[in-house]
Amino acid sequence: MGVAERRLREKEARKTTILHAAERVFFASDPDTATMDEVADTAELSKGLLYHYFGSKDELIHAIAHKGLLIMQSMFREVLDSEGDGLTKARGMGEAYIRFAKQYPDYFRIFTWAETRGHSSGSVGEHTEACHLVGDSCIGMVAEAVQIGIDDGTIRPELNPIETAITLWAQTHGVIEISQRKRMRERKMVDENQLQRASLDMMQKGLKA
């Protein structure tokens with residue numbers, strides 16, 4: 001192994017160490033209040049070294065969010081590549097999003113934070129941009145499912161695939177967040193699973209040709 005290759009491996013190993021430490025910190029607390037000092041202590045590294053690899057707390061959180069989005073992208077791809085008509089695929093992606101939120105709640109919470117409250121540093125680094133690219137890819141797959149449905153006659157032909165995909169994402173994300181709120185469950189205002197199914201049923205009816 002040459003010197004350059006060894007240094008690259010050492011760099012990637014250090015980044016992995018930092019990311020694992022950051023996940024322990026940010027998964028266990030509110031990203032708004034968690035600090036880079038806590039991450040440095042958990043990783044047993046200096047804070048200066050953290051900033052060498054990740055330029056800001058926002059960028060580090062986006063690196064974690066990117067890991068979660070890659071998992072979700074894979075789940076969406078599996079649905080898109082499966083057998084079935086476009087309407088079935090479109091609903092399947094909604095089901096996949098709900099399943100992702102349940103199986104990976106920490107990643108769901110982190111990329112929701114990154115999307116809604118990130119960018120406080122005012123800069124966009126490589127991990128932030130990577131999140132945007134994967135997020136756009138996921139929206140694109142939903143739009144592709146809608147287009148398949150338009151082509152095969154299962155989805156209304158007047159719908160715009162991209163606009164419809166964004167709307168479906170926004171509705172599903174909102175229902176997931178509302179149905180998971182502790183206050184809602186404690187007051188027995190909603191049954192989480194029933195609300196999510198009802199939302200998917202309504203969206204499917206709205207799409208159906």
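Students sometimes get this wrong: rank 32, 106 by accessible area, probe 1.4 Å, all chains present, largest first.
32, 106
Any chance you could look up the accessible area of residue 99 with a 1.4 Å probe, heavy atoms only, rounded to 10 Å²?
100
Ignoring ligands, DNA and RNA, what percent of the 1.4 Å accessible area of the chain is carbon and sulfur?
51
Where nothing but the Cβ of Lys and Arg (+1) and of Asp and Glu (-1) is charged, how large is the charge dipole of the stretch 124-204 around its Cα centre, in debye to the nearest 20?
740
Using a 1.4 angstrom probe, figure out how much accessible area the chain has per residue, in square angstrom, rounded to the nearest whole.
Per residue, the chain has 55 Å² of solvent-accessible surface.
With label points built 7 Å along Cα→Cβ from the Cα atoms of residue 47 and residue 166, find their separation and express it in nm.
Reported label-point gap for residue 47 and residue 166 is 3.9 nm.
For a quick protection proxy, order the peptides 64-72, 43-51 by their average other-Cβ count within 10 Å, most packed first.
64-72, 43-51
Using a Förster radius of 45 Å, what is the FRET efficiency between residue 129 and residue 151 based on their Cβ-Cβ separation? Nearest 0.05, please.
Taking R0 as 45 Å, the efficiency between residue 129 and residue 151 is 0.90.
How far is it, in nm, from the label point at residue 32 to the one at residue 7 when both lie 7 Å from their Cα along the line to the Cβ?
4.2
Quick one: dipole size for the stretch 75-146, taken about the Cα centre, charges +1 on Lys/Arg Cβ and -1 on Asp/Glu Cβ, in debye to the nearest 20.
Dipole size: approximately 340 debye.
What does the charge dipole of the chain about its Cα centre add up to, to the nearest 20 debye, if the Cβ of each Lys and Arg holds +1 and the Cβ of each Asp and Glu holds -1?
Roughly 560 debye, rounded to the nearest 20.
At 0.36 nm per residue, minus the direct Cα-Cα distance, what do residue 177 and residue 82 gain on full extension? Give it in nm, one decimal, please.
Gain in length upon complete extension: 31.5 nm.
The values are calculated or read from the model by the stated rules, or taken from the named source; none is laboratory data. Since we're looking at a predicted model, the values are computed, not measured. Every residue, glycine as well, gets a Cβ built from its backbone with ideal geometry; the counts of neighbours run over all protein chains shown. What goes into the accessible areas is simple: the full protein's heavy atoms, side chains included, and nothing from ligands, DNA or RNA. Shrake-Rupley method; radii C 1.70, N 1.55, O 1.52, S 1.80 Å.
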